[in-house]
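To start, the structure itself, in structure tokens.
The values are calculated or read from the model by the stated rules, or taken from the named source; none is laboratory data. Remember, predicted model here, so these are calculated numbers, not experimental data. Ideal geometry is used to build each Cβ from the backbone, glycine not excepted, and the neighbour counts take in all protein chains shown. The accessibility values were calculated without ligands, DNA or RNA, using every heavy atom of the protein model including side chains. Shrake-Rupley method; radii C 1.70, N 1.55, O 1.52, S 1.80 Å.
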Amino acid sequence: MKKIVLREDEMPTRWYNVVPDIPNGLLPPLDPETLQPIGPEKLATVFPMSLLEQEMSQERFIDIPQEVLEVYKIWRPSPLVRATKLEEALGTKAKIFFKNESVSPVGSHKPNSAVAQAYYNKREGVKRLTTETGAGQWGSALSLATSKFGMECKVYMVRVSYDQKPYRKFIMQAYGGEVVASPSMDTKTGREILTSDPDTPGSLGMAISEALEDASSRSDTNYALGSVLNHVVLHQSIVGLEAKRQMEIAGEFPDVVIGCCGGGSNFAGLVAPFVPDYLEGKKIEFHGYEPASCPSMTGGKLAYDSGDVAMMTPLLYMYTLGHNFVPPGIHAGGLRYHGMAPIVSALVREGIVIPKAVHQLECFEAGILFARTEGIIPAPESNHAIRGAIIEAMKDPNEPKTILFNLSGTGVIDMPSYDNYLTGKLSDYAYPQEQIEAALARLPKIG
Ligand SMILES: *Cc1c(COP(=O)(O)O)cnc(C)c1O
């Protein structure tokens, strides 16, 4: 079978929460002012209670609301595909399967959480959501989700992407989202930055600060984050739950599960439902692939750090390169984040997830091979997972092993990156260790 497709009524009706199954658990998020564990009251100014409950939950299974399932049905269940043509081209005895999350209306896994977040906010009376977006994947997912629940959405889009990558801006606008270049004149933070530096290209950190300021200043408005947090990982578990079911139908169990890691949500979503198998002693490995130019797990440190430059977010215990780390402009925008989800970080700490770093040229090479064999042009982020699958398949091409990776998104909205690669304009870049050390030296000091 090339493609394993579930019926609509076979879609999982509960998300799986891996937190209670993580050996030694998670450390709590801290209030950036008091450095004490942060209470839900403080976060309730920008998040709805139901998402805060999920954030702290120790329940293994949480029901997916009917309204969310209905929206999921626009593209879910997503197919699991055996990459037979890629296997042939590589000349490997390994079986390579991929979960195709590129089939969502905005071309990535991100609506799995955006739809859930919009729903819970709506249910608690919130009329408007704000968020930040870099290249625009999360902004388009949230614009789609808010449109489904009749809510407003305001997206602070990093200036340089706003100017250079306008297509996702058009997607957000088509769904009714309001998009401004960040820093903007719409917030105090934005105005201050623009006064001192009118030509700034902007950054994710600045955009987060603007979106948070907007959400905390209006009672009808909340804020939504597209990765890193526990509730985002919870929503993404639908990816792994479906994939596990589909692997069973194919009569397979993976030896290795692979994903690309930006904030960690698509990887954790695929891996989490297999963690109990690992803990029961089944032979299975989890490989998380990050760019060598933004190596939070392989080059950073496990510590409490802030999620944004202005230090407005709670401090999270995670692998980090420091909140002042400025990632170079590599062509996988979704992987340019200084931190890693606390859940993924804890799985790395416990030796359950094995982190790996790869360079962008080998990833684009893998993506091009995938496009010419399997016919799908992958997102530059997903190329990291494909590269990982190829490395695994070619370690010993005669070993018949089973590999499962997540195709987190499509690349057709990112063609300028492919143009740069195909015309030889891309190069590899490993972040100098001294500069990582400099950014890490500015981590918040916790007693
Ligand atoms: C955002 C994004 C990523 C990285 O985010 P994670 O939270 O690490 O999953 C990866 N792939 C695609 C296609 C994305 O849009």
Exercise for review: Set the Förster radius R0 to 60 Å, insert the Cβ-Cβ distance between GLU252 and MET185 as r into 1/(1 + (r/R0)^6), and round the FRET efficiency to 0.05.
Suggested key: 0.65
Practice item. Please list, or write none, the lysines whose alpha carbon is within less than 28 Å of the alpha carbon of LYS127, excluding same-chain residues fewer than 8 places away. Key: LYS42, LYS73, LYS110, LYS148, LYS154, LYS169, LYS188
Revision key, fill the gap. Note, segment 155-160: 3J(HN,Hα) by Karplus (6.51, -1.76, 1.60, θ = phi - 60°), whole Hz, Gly/Pro = x, goes 10, 8, 9, 3, 2, 5
Revision key, fill the gap. In order over segment 93-107: 3J(HN,Hα) from phi, Karplus 6.51/-1.76/1.60, θ = phi - 60°, whole Hz, x for each Gly or Pro, gives 8, 5, 9, 10, 10, 10, 8, 9, 8, 7, 7, 5, x, 9, x
**Study point:** Inter-site label distance for MET415 and GLU59 at 7 Å from Cα along Cβ, in nm
**Key:** 4.6
Check your understanding: Among LEU270, LEU225, LEU279, which one shows the biggest mean-square fluctuation in a GNM of the chain, springs joining Cα atoms closer than 10 Å?
Key -> LEU279
Review point. In nanometres, what is the gap between the two model label sites at GLN435 and GLU365, each 7 Å from Cα along Cα-to-Cβ?
Key: 2.4
Practice item. Would you calculate, for the chain, the mean residue ellipticity at 222 nm contributed by helices, counting each DSSP H stretch of 4 or more residues as -39,500 (n - 2.57) and dividing by all residues, to the nearest 500? Key: -11500 deg cm²/dmol
Practice item. Using only Cα atoms, tell me the angle between helix 360-374 and the longest principal axis of the chain; keep it within 0 to 90° and round to the nearest 10. Key: 50
Review point. By how many degrees, between 0 and 90 and to the nearest 10, does the Cα long axis of helix 230-249 differ from the longest principal axis of the chain?
Key: 10
Point to revise | Per residue accessible area of segment 118-164, 1.4 Å probe, in Å² | key: 32
Practice item. Using only Cα atoms, find the angle between the long axis of helix 111-123 and the longest principal axis of the chain, and express it within 0 to 90 degrees, rounded to the nearest 10. Key: 40
Check your understanding: Please state the relative contact order of segment 195-344 as a whole percent: Cα pairs under 8 Å, 6+ residues apart?
Key -> 24
Review point. Tell me, what is the percent relative contact order of the chain, built from C-alpha pairs under 8 Å that lie six or more residues apart?
Key: 19
Study note, to complete from the structure: Carbon plus sulfur, as percent of the 1.4 Å-probe accessible area of segment 213-328, comes to 53
Review point. Working out 0.36 nm times the residue gap between LYS395 and VAL160, then minus their Cα-Cα distance, what length gain in nm do you get to one decimal?
Key: 80.6 nm
Check your understanding: Using the beta-carbon distance between THR34 and LYS282 and R0 = 35 Å, what value does 1/(1 + (r/R0)^6) give for FRET efficiency, to the nearest 0.05?
Key -> 0.25
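Applying a 10 Å radius around every beta-carbon, put 306-317, 411-422 in order of their mean neighbour count, most first.
Sorting 306-317, 411-422 by mean packing, highest first, produces 306-317, 411-422.
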Revision key, fill the gap. Heavy-atom accessible area per residue of segment 346-438, all protein chains kept, 1.4 Å probe, expressed in Å², is 41
Exercise for review: Report the full-extension gain for the segment GLU192 to GLU41: residue separation times 0.36 nm, less the Cα-Cα distance, to one decimal in nm.
Suggested key: 51.5 nm
Exercise for review: Can you tell me which of 428-438, 104-114, 12-22 comes out highest on packing, and rank the rest after it, using the mean Cβ neighbours within 10 Å?
Suggested key: 104-114, 12-22, 428-438
Check your understanding: Gaussian network model of the chain, Cα springs within a sub-10 Å range: biggest mean-square fluctuation belongs to which of LEU335, LEU129, LEU43?
Key -> LEU43
Review point. For the peptides 344-350, 378-384, 280-286, 180-186, what is the packing order when you average, over each peptide's residues, the other Cβ atoms within 10 Å and list the highest mean first?
Key: 378-384, 344-350, 180-186, 280-286
Review point. Roughly how many whole Å is it from the C-alpha centroid of segment 184-261 to that of segment 107-122?
Key: 11
Point to revise | Virtual paramagnetic centre 7 Å along Cα→Cβ of SER216, amide N under 19 Å, in segment 314-333 | key: 314-317, 323-324
Check your understanding: Residue by residue through segment 11-22, which ³J(HN,Hα) values in whole Hz follow from phi under the Karplus form 6.51 cos²θ - 1.76 cosθ + 1.60 (θ = phi - 60°), with glycine and proline marked x?
Key -> 5, x, 10, 9, 7, 9, 9, 7, 3, x, 9, 7
